[in-house]
Structure formats: C-alpha cells, structure tokens
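A quick write-up on the structure given underneath.
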C-alpha cells in the first residue's frame, strides 16, 4: 500500500473548502507515503469538479459517477470503497464533516482499516502513520498509531491545514462504482429561517455572546453595545438553542463561519471546539470571560478576565 | 408485536481541575475522572421514550459498554423511562476504541433484535462521532448521522428524517427501516430525572453481559480488536492570549482603543 | 319597695304557648342545621391525609386563647382593623355569653331546680355590660363597613394576579357579597336588639320595676326616650316589639344556622387553625415518608386534614397578599389566592359523602380552583405570608409540596433544571469542581484549619455563594481575617462541604436535598467542633431546623451573633466608629425565619453607625427575590424585580450612605439593583462584615472605605 487517497467533498454543486485543506495535508505527507496523491470525487456528474481540483500536489483525480447528486451514505461508502480497492493507498483522508459522520465508521468497520477521526496532525514514524487528535473534551492530545494496518483511514479536522493552491496537471480517471441499494434518499435542503437579515459570513467585526450572559433579559444591552460599536451581534450555540437569538446569528460548526471577520469579540464564550470551528481563523480575537481558565483564551489574541455585564457597560461608554 | 428501540449510551469522563497524566503517559490519572451520562444520550433516550409514550407497544432498552461505574448512568436512563438496561463488560474490553466498541454493540444488537437503534452523534469526551454508524456498517443496516428530526409511525418501513449540516443548513431525507440513527442535540427537550426517580430506578435490575453471552472472543475487543492504539497522551501547550490588565475602566478603555483603531484602519 | 326578684326580664312575655313552641322548634332546627353543616366541614377534612399534632392539646389551647384574647395577631400591621375586630369579637362574645347565661337559668336551672339568679343587681349589671357589648359590636361593625366601603385598603382588593378577566373564576363578587351580608346581618341583629330593648321599655313603662331601672340599659333607654319623645304609645310599642322580636330572633337563628356555610365559620376554623399552629411550618419542611409512592401534592386529598382546615380559616384579610414580594412585583402569585383557590376546589370536590374520580381531584392547572405552574414557581419562600397571617395559615408547605410534584414531572424552567443537574453533579450551583471550594482561602496570609483533620471550636459552613462568587469571596476573606485577629479557633470542611440544600428543598427537589443533607451531615459528623457558624442565612436555616430530621443535630449560630460577642467581649475592638447613616435589610432566613433581628442592629450600634430602619423592616422585611430557587430562574423582562422595589424603598431615606446586608444572595441582588435603579453613587451596598472590618483595627485594609467610593 502506498500513496494517499483524498476524498473531496461537495455540496449543492460546490466543492467544500475543506477538500483543498486535505489535499495540502496529503501533499505534505507525500514523501512519507511513498506514492502518489489521488483525489477521488463521488457524485452524479463528478467531472464537473475536476477542473477545480487541479491544484498543487494532485497526481491523479478519480471520478466516481454514482448516486443522485446529493450525498447518501450507502453510495458514498461503496464508491470510496471502490476507490480504495483500485488504488491501494496507505492513507485515506476524509474531511471530519457531517457527511463523513454518516459513512466513515462504516468504511472502517467493513474494510478493517486503521481508523481515527477528527485528527489535526498527521506524521510518519519510520513509515508508520501517527495521527494526533484531542481527548477528554479537547483537554489533552492523544497520539494514535495503527500497528498492523495496511490502510489507515483518517477524518481530518477542518481549518487546520492551509488549503492547497496553485495548479497541477493530474491524470483523470473515471472508475466504475458497483451498484448499491441506497437505503437513504436525500431530499430538499432547508435554510434556517432568517429571522433577521444578517449574514454572519460577511461581517468584518463581530461581537458574539455566550452562556456567560446568564439571562435572556440581558440580550438587549449587548445588542445595544454591538450597535454602538458598529459590530454584528453573534452568538454561540446555547444562546441560539434557547431561542434567545435567531439561529442565523450562531457562529460555529453547526452555525455560520465568520469567514470575512477580522475582529472577533467573544463575550462570555468559553471556547468549545464547535464554536472555535467557526471563528478561530479570525486574525484578531478578543475574549472577555469571568473564568481565567476558559479555553477561548488559548485562541484569542487579547484576553480580559472580568464580569461581562460590567465590562459591557463600561465599554459602551466609549462609543 | 412490540417495537423494540435499542439506545446505545455511554458514560463519559470529564477531567477534574489540575488533572495529571498517568505515569505510563498513555492516559490521565483516574483520580481526576468525573463520570456522567453523555450529553447526546439524553437526547437519543428522550427520543426513544417519546415514541414509547406516544402509544402502542414499545420497549426501550439502553445498552452500554463499560465497567461497573457505568451502572450509575444506566440508572439515570431507567429513571428517565427506559424499560431495561444492559451493561456489557469484560476486562479484556479495556482499551477498546470506537471500532471495537462498535463490534460489541453489533453483537448486542444481534442478540436483542431491536427494530430501531439510536446512538448519540458523538460522545463529549472523545468525540469519535463514528461508533453508532460503525455498528450499522457491521450489521449492514440502513443508517444516517446527525439526525435532528425523526418522524416515525409504529410498524412503518420508512421514515422521514432531517440532518443538521454545517453552516446552519438542514436537509430532509427518507430512510428505510429498521435503521441506526445517530441523534443530534436539540432534537427534543430531554426530561428531568429527579433524584428520587433515579433512586427508585436503583431497584430495577441491570442486566450484565460478558463475552460469552455475545459470542465474542478476546481478540474482538480491547486493543486487539481496535483500529488504533494510544501511543502517547499529553497536555498540549496552550497558546495564550495577551491579557489586558488593569481596572475595569482601564481594560475597557484599552479594548475601545483596539476597536477604534481597527475601524479606522478598515474604513 | 320593689322586690329584687321582680327586677328581671320575663322571657316570652305575652307569648302564646304555641308561639313559644314554634320558636323552640325553629331554634332546635337552627341548631340542627348548624350541626349538620359542621359535619359536612368535618367530613371534608377527613378526606385529607393524617397529621399528628405535636405537643399537648391543653397547652396549645391555652396559647390559642391567649392569642385570641390579646388579639396579638390581629393588631399587627393594622392597629385599626385589629382594634375594630376586638370590639366585634368581645362584643359578640359577651352577647353570646349573655344569651347562654339566660338559657342556663331559663332552660336548665329553673325548670330542674327552681333556682334563679338572673334578677336584681346581677340582672342590672348584666344589662349594662350587654348594652356596652352591643355598642362595641355595632361600633366595630360600622368601622369595618367604613374601612371596606370608603377607605378601600389595597389588601382588600380581591383582584387576582393569577387569573385574567376572561377566566371563569376571576370574578370575586360572590366573596364581596358575602362580606357585606355578614357585616349587615350582624349589624341588623345588633341594631334591632337595641330597638327591641327600647320598645320593651316603652311598652312596659307603667311598671316601675322596669321603667325605674331603664338606664341600666343605656342605649335601649335612649331609644325608648326618643320613641316616647316622638309620641310612641305603650300599646303600639308592644305591637312593634312582638314583630321585631320575631324578626330579630329569626335573623339571629338563621345567622347561627348558616355559620358553617359562610365566612362566619372562621370563628371556629380560625381558632382551630391557631391552636394547631406549627411555629416552624416554613422553616422546617416535612420529609417525604419512605412508604409514600408519589411525591408532593397532586390531588386535593394529598393535603393533610390540618391543611384543609387552614383553607377554611382564611378570612381574606389580605395581609399575606400585601406582604408577598412576588405579588408586589406583578408576578402571578398571591398567597391568598392560592389558599382561596384550593378552598373553592375542596368545597367543590369534597362536599359530598362520595369522592369524585381521582382525575377530578387534580389541583394543578388553570381551571377554576386549580393552581398554575407559573403561580407556584413565582414563590420566593420568604415566609412573609405565613408570618403575618392572623389565623396561622401555613401557605409555604402547601406551595413546596405542590412544587415537589412539578419537579417530579419536570415542569420547571430549563435554567432551573440545569442548575439542579449541576448541583447533583458538582455539589454546588456554580458547576465548579469540588476541589475548588476552598480556593478563596488561598488569598489569605494565614491558612484556615481543615476541620476534617484537626479539632476546632467553630466549624465555619461557608455556602456556595460565599465560596465561589467573586464578590462574596471577598466577604469570606474579610470574615476570615476578623476571626483570625480575634483569635477564634475555627476551620472549614473544604471540599467535603456541599450546598446545604435549603433552596433545593424549597424548589421541591426533595431527593437531591436528601443527598446533600446526608452528605453534609456525614462530613460534619466526621469533623470535631463545638459549634457551627455560618455566613449564609439559608444554610443557617436548614442546618438549624431541618438537618435534625436527617440525623444531624448541631449547635449553630449565624455570624452576627458571633461577631456581636466578639465585639462586646472586646476580642475585636472598635477603633474607628464609622458614623455612617445606614439602613439594615433583614435577610428572610435570618430574620423572619429565625428571629435574628437584634444581633446585626447591636453590631451596627457598636461600630458607631446611625441606623434608620426602613418601614418594611424586621418581620416585615421585603425579600430580595432570590429565595425559593428564584435566583436560578430568569426574571420576566421589563418588570420591576423585588430587589429594585426594595432599593427604591431605601432610597427614600435622606442622606443614606450604606445599605447593609448580611446574606450573600442579598449582596448580589442589591448591588445589581442599585445599578439598575439608577442609584449608583447615591449609596452603596455593604455586607455587615465589611463594615465591622472598617471599624476594627487592622494591619491591612482589604476593602476601600465607603467615603472613597462616593
């Protein structure tokens, strides 16, 4: 087994950015893999994605035509299985995504592969793969090895590797996928109702509030503070789940990514990994929290320990 | 014919303050372990109990793979409306990863023959987010992950589900039954189990199974049956923010300056 | 010379024997109706669960009599109403005694033994006393009518905060009609009594044994003189007297017959309620018996018979309604309406010999007679209602028992659910690791002893807020400093201490309370100490009054008595009398619950503060709103909170510098309220401990003196 197989991910006709991050990861590991980097894309018309995938580091692109155009776990597992069988990679990289939750475990169980999920560091130790992931609620790092496994399947955390750029001239191969009975039939997409017309992904200055605010009654004063400063008001998942702010304002893994944000002020947010997924890339993060041990302080540029209510009021006096 | 829903649960471990890594460097010192039922399992169990309470003959069975301490979490599930609780453990299961656990659960499902299997999307301690679905893979059952809505009628051969995708998007899907579903937070509002009901649940028996009941061997579980092995566990060096000190007024003033500078620069 | 034997009133004078018979028949009939009505009430109480009365009934009876005779509970916070009620009470009692006295002679002694005593001087004094009694009765009634009809005090406003005008049981006109009917019928009885007296005098004016002694019935005599003055003749007076006699008699008998069916029954139910009073009703809540299947009150038949009696004792005086902090800030709770709703429900469902189906006995909900979730969750368990009720109704145990059922069913605010789960997991409401409970002590120069490892004199039970809330941690550190300077031998339980459970119990999570109390008691039993001292009134209450039921009886004092002792004995010396103008907020669980009003005031005096009490002070202190688990529930947006209401009250004090508290939750609530009511800069909130620190010599000042902050 040699080489690395990267499974690209797309949704609603667009390749997801994480695909390019995985390609970059594969490129950095190419030498250790002792073989080519192959990118596989599964879909109803996978050729549509080929051009975009010709980035630096890609040696081959495999298209697997199968399914209805939208992701379904059975078709995906069968297709990826076929790709693995065809190319015998020593390492298979899948994004750690909602789609992957639906089939990665199946693949590993049926193929008997080495398997780890949500890894953020991959190394080779004398030809053997070593993957690092979090443990105990991301409080520790765990290094995993896969003795005796010819193929290692890893799901890779998003926003860890810088996406691959540039261009390349890979061979393009179409592979047949054995027909499979799909037990899940994808249906329509539902956009979370936009209670207010806010686009978190376009905001440059965001002020997000989290569980630290305590009560719903306190939302208005933070809204006023955000308005006074010219920031877009965002929130972490618990706030949206409780209905205190519309879901459209939620930043995080199952919410919005603050893609355009350059200044992110996190008030009363502890820094759970799911929230970080949506904002840790922001160049300037300021965190205000009453708990000096809050994880948010490890990704923030500036930190203030204090009562967010009092701080908020004091801050408002400057605007 | 009663409908049986099997809910796979996990007693997760949170770390207490100032925890230490064990001498062998492969795990945290167990003195610092704080155990509780996985947050996702509150939701998957609630979903099963809701189906039971909607009417008809439904049996809810909770199953966990874990040592004796896990009984406490099973009792909580019994207090919340589960009919039976099963704990599977054998010393050889120590060191099992998600894939090995999935193998054990698959054997349990072959034994119990449920009509539906629920699991949580992930556990709050190690967040593999794959165990439940891996079980489906071993059994060849239909499966779907990150389900936050489930419309089910007893005896149906299909059901409509909703997946929670990234970025706040949801997707409707149609799935064949029986199936394994991994349940996401927010699908329902889990009920409160008062201490009294938990104490009363202590009177209900918890079935205990080992390798033999499930026709498994030691090589199926533990490190031998896992798809990965822990090489090292360590406390990462955390990046640290530059803390702004001073009185409240001073801190606010400094932050206001940072903000104004940013806004001035971006204009 | 007039024979004294003839100085008397001949009963049934000039009545045909048939008339007398008819009268007696009606009389016995009235008594029969009265007895039957009483039986229906008693049968209703019997549907309740058992209740064992503690203590001897004789001493309870004596206490009740003393309370009634002094009208102690009625004059509180309303001297006028109390006084007027005393007039009515004693007037009516005397008149009743008088009639009974006559009956004793006429129906018993005279026929059986021929003995007579109701004549001559006895008769004359008797007449005078009864006239005065009638005047008292009438006067009291007229005052009450004026109070109700013209003065219209807010507490007599029957409008319900827990129902909207469209609800079927919103209208209270039935009660109002009953109130006025009660007043008027008694007044008519009194007035016709006097007119009757006057008529008889005019009718029998030719008899010297009557007419010469008429002024022994001064009111009756005045009526007689006036009637004669307008030309009323003896014969006419006699005719009027006959008719009026029947009118007066029938109304009086009807009144008596209807006692068990009307508000008038409070004569019996109120006195019984007072007799059965549990002085620790709110401070010491009942355990769930191990044999009991369900928990808390779901059905009307879950109440015990004493509580069903309480429901009937209520006279809608409105004192609880007025005192309740939830009601004062617009919450859908009035203790009065909880009691009245349940009473209406009991009267509807328990009025017959057969019990309706259990499903119809459910007291939870929004239908007529039921109590809603929102109402029950609004309660702060501050016990203002129980404390002021003149007839000893015990509202709080009923509310908490109903909450127990809500908790069991999971019908709670999500934030409360989360907090209970947090407490179950970590032993404190902040979700902090148990290991961090003693972290606040790290700031101290001298470490505090671990009471689990070495014996100490005082075990200091710190409590959640004082251990984990940053503002309150400072107070704990200050107190530790004071104790160390006074060379008090004290220690902590450190991470063996858990939430004492007072509020968990009052929320209704009895299972969790059991867990906490048992764990704390075990930790305390394994430590060696003489007394417990605590800075937290809630912990103080539960350890003092409730831990005993769980096997832990300890001596405990609140820090105020300890500090007072240290100051009086000179172990702490005041070197800088503060001279601040202060007011003191009595914490519910220290003041009302455990009568701890004086120690804080003594301390304030000793440290040289000028204390100006607020109007609602001591037993009438107005709760900060955090009790009963409310600190774990969000407050409705845009509505005044109890703490704000209280701060506004304090703001009326001219030149107030410091608002003094002695409870961690009060400190938190009031500092917040000072800001949100816009009183920041006018006065500050300080814990008593911090003021003592300022006044007492110390090498290091931990808290900036008050003046510097202004």
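Just so you know, all these numbers are worked out from the coordinates, no wet-lab data involved. For clarity, every value in this text was computed on a predicted model and none was experimentally measured. Reconstructed Cβ throughout: ideal geometry from the backbone, glycine too, with neighbour counts over all protein chains shown.
General remarks:
- Cβ-derived FRET efficiency at R0 41 Å, residue C:115 paired with residue C:173, nearest 0.05: 0.20
- Gaussian network model of chain B, Cα within-10 Å springs - most flexible of B:161, B:235, B:101: B:235
- Spin-label pair residue B:215/residue B:189, simplified geometry with 7 Å Cα→Cβ offset, distance in nm: 4.6 nm
- Per-residue shielding of B:245-252, expressed as the average number of other chain Cβ atoms within 10 Å of the residue Cβ, stands at 5.
- Each peptide among C:53-60, B:178-185, C:372-379 gets the average number of other Cβ atoms lying within 10 Å of its residues, and from highest to lowest they stand as B:178-185, C:372-379, C:53-60.
- Take the Cα of residue B:199, step 7 Å toward its Cβ, do the same at residue C:20, and the gap between the two points is 6.9 nm.
- Whole-percent pair-distance distribution, where bins are 5 Å wide, for the alpha carbons of the range C:279-411: 2, 11, 21, 24, 22, 13, 6, 1, 0
- Degrees between helix C:120-146 axis and first principal axis of chain C (Cα, 0 to 90, nearest 10): 50 degrees
- In percent, rounded to a whole number, the relative contact order of chain B is 24, using alpha-carbon pairs under 8 Å and six or more apart.
- Contact order for the range C:418-695, expressed relative to its length and based on alpha carbon pairs under 8 Å spaced 6+ residues apart, stands at 17 percent.
- Among B:81, B:239, B:137, the largest mean-square fluctuation in a Gaussian network model of chain B (Cα springs under 10 Å) belongs to B:239.
- Taking all Cα-Cα distances within the range B:172-241, those exceeding 15 Å account for 81%.
- Pairs of C-alpha atoms in the range B:3-220 farther apart than 28 Å represent 27 percent of all such pairs.
- Normalised by 2.2 N^0.38 Å, where N is the number of residues, the alpha-carbon radius of gyration of the range C:456-511 equals 1.32.
- With the alpha-carbon atoms of the range A:30-142 aligned to their principal axes, the span from lowest to highest coordinate is 42, 30, 25 Å, starting with the largest.
- Binned Cα-Cα distances of the range C:1-129, short to long, each 10 Å bin given as a whole percent: 9, 21, 30, 25, 12, 2, 0
- Helix-only arithmetic for the protein assembly as shown: the sum of -39500 (n - 2.57) across DSSP H runs with n ≥ 4, divided by the residue total, places the mean residue ellipticity at 222 nm at -12000 deg cm²/dmol.
- For the pair residue A:28 and residue A:241 in one chain, pulling the backbone fully straight at 0.36 nm per residue adds 72.7 nm over the alpha carbon distance.
- The angle between the Cα long axis of helix A:18-33 and the longest principal axis of the Cα atoms of chain A comes to about 50 degrees, rounded to the nearest 10.
- Computed E for residue B:261/residue A:68 - FRET, C-beta separation, R0 51 angstrom, nearest 0.05: 0.50
- Projected-area mean, the protein assembly as shown, by convex hull of Cα positions, square nanometres: 61.9 nm²
- Considering only beta bridges that DSSP places wholly inside the range B:3-220, some 40 percent are antiparallel.
- Net lengthening on full extension, residue C:6/residue C:59 (0.36 nm per residue, minus Cα-Cα): 14.7 nm
- Highest-first arrangement of C:402-411, C:448-457, where packing means the average Cβ count within 10 Å: C:402-411, C:448-457
- For chain C, share of DSSP beta bridges that run antiparallel, in % to the nearest 5: 10 percent
- Helix B:98-112 and the longest principal axis of the C-alpha atoms of chain B enclose an angle of approximately 30°.
- Backbone N under 12 Å from the residue A:56 label point (7 Å along Cα→Cβ), restricted to the range A:17-44: A:24-25, A:27-28
- Convex hull of chain C built on C-alpha atoms - directionally averaged projected area, nm²: 38.1 nm²
- Backbone N atoms of the range C:114-155 closer than 17 Å to the 7 Å Cα→Cβ label point of residue C:97 belong to residues C:118, C:122-138.
- Length-normalised contact order of chain A in % [C-alpha pairs under 8 Å, at least 6 apart]: 15 percent
- Chain lengthening between residue C:128 and residue C:374 when straightened (0.36 nm per residue, less Cα-Cα): 83.0 nm
- Peptide C:409-420 has a mean shielding of 3, counted as Cβ atoms of other protein chains within 10 Å of each residue's Cβ.
- Bridge type composition, the protein assembly as shown - antiparallel percent by DSSP, nearest 5: 30 percent
- For the range C:483-592, alpha-carbon Rg relative to the globular expectation (2.2 N^0.38 Å, N residues): 1.23
- With bins 20 Å wide beginning at 0, the percent of Cα pairs of chain A falling in each bin runs 30, 50, 19, 0.
- Measuring r between the beta carbons of residue C:530 and residue C:268 and using R0 = 51 Å, the FRET efficiency lands at 0.60.
- Computed over the alpha carbons of the range C:217-278, Rg followed by Dmax gives 19.1, 60 Å.
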